[in-house]
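Here is the structure we will look at, set down as structure tokens.
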Amino acid sequence: MDAMSVGAIDHLDMIMLDYPGPNDDSVRGQWRAFEEMKLMDKTVDDLAVSNFSAEQLDAILSNERSIRPTVNQLPFSVAYHPGGTRLIDYNTERNILVQSWSPLSRVLRSDFSDLLEAIGKRYNKSPAQVGLRWIVQSGASFCTQSRSRTHFAEDLNVFDFALTETEMDAISKLA
């Protein structure tokens, strides 16, 4: 909380617990501290987690009174999606949104870019836009960063087309 006062910050839209503790008790203890920020201090609107497995989420959700995380930020991209969409499905069933962090890492290398480029030509989209659209259609959201206003706008321009089931399957098989 001292860090917030130094920056004259008195409220957060969301705070994220990154890298869960080594065991369930640790996870639950960390989560209780976040819940206090939301309920008692009223300094934060939403609570989120990052890199939580299904088992680690269960450590929180096993207490019916616990506040449910709104987001679980995970490594999920065309280049890396172990287990397909199982973890997305698990989170969705619990009303937790999966957000892909670093969604374009390794995606634009040659072994991925040829297919993404070919699909993108059909829609007048870049390989990056095709990769981001694949994430959205898989049931997740994404966060990107860019120093370029043009790239940032391009990253957001993925909601005016839809990939076919065949295209989704072909992209899913890349990793």
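The values are calculated or read from the model by the stated rules, or taken from the named source; none is laboratory data. For clarity, every value in this text was computed on a predicted model and none was experimentally measured. Ligands, DNA and RNA are excluded from the accessible area calculation, which covers all protein heavy atoms including side chains. Shrake-Rupley method; radii C 1.70, N 1.55, O 1.52, S 1.80 Å.
So for the range 99-158, averaging the separation of alpha carbon pairs under 8 Å that are six or more residues apart and normalising by length, what relative contact order in percent results?
40
Please list log₁₀ I(q)/I(0) at q = 0.12, 0.13, 0.15, 0.18 Å⁻¹ for the chain, using the Debye equation with identical point scatterers on the alpha-carbon positions.
Taken in order of the listed q values, log10 I(q)/I(0) reads -0.64, -0.73, -0.90, -1.11.
Quick one: how many Å² of R94 are accessible to a 1.4 Å probe, rounded to 10?
Surface open to solvent at R94 totals about 60 Å².
Got a number for the accessible area of M14? Probe 1.4 Å, square angstrom, nearest 10.
Solvent-accessible area, nearest 10 Å²: 80 Å².
Along the range 23-33, what does the Karplus equation 6.51 cos²θ - 1.76 cosθ + 1.60 (θ = phi - 60°) give for ³J(HN,Hα), rounded to whole Hz, x for Gly and Pro?
Listing the rounded values in order: 8, 4, 4, 5, 4, 4, x, 4, 5, 4, 5 Hz.
Could you go through the range 9-14 in sequence order and give the Karplus-derived ³J(HN,Hα) for each residue, using 6.51 cos²θ - 1.76 cosθ + 1.60 with θ = phi - 60°, rounded to whole Hz, and x for Gly and Pro?
9, 10, 8, 10, 5, 8
For L74, enumerate residues with amide H under 5 Å from its amide H, sequence gap 5+ or separate chain, H modeled in the peptide plane.
N51, Q99, S100, W101
Translational diffusion coefficient of the range 20-70 at 20 °C, 1.002 mPa s, Stokes-Einstein with Kirkwood Rh over Cα pairs, in µm²/s as a whole number.
194
Once phi is turned into θ = phi - 60°, what whole-Hz ³J(HN,Hα) does the Karplus curve with 6.51, -1.76 and 1.60 give for every residue of the range 144-158, x standing for Gly and Pro?
Whole-Hz 3J(HN,Hα) from phi for the range 144-158: 10, 9, 7, 8, 9, 4, 5, 5, 4, 4, 4, 4, 7, 8, 10.
How big is Rg to Rh over the range 8-109, alpha-carbon atoms, Rh as the Kirkwood inverse-mean-distance radius?
My calculation of the ratio gives 1.00.
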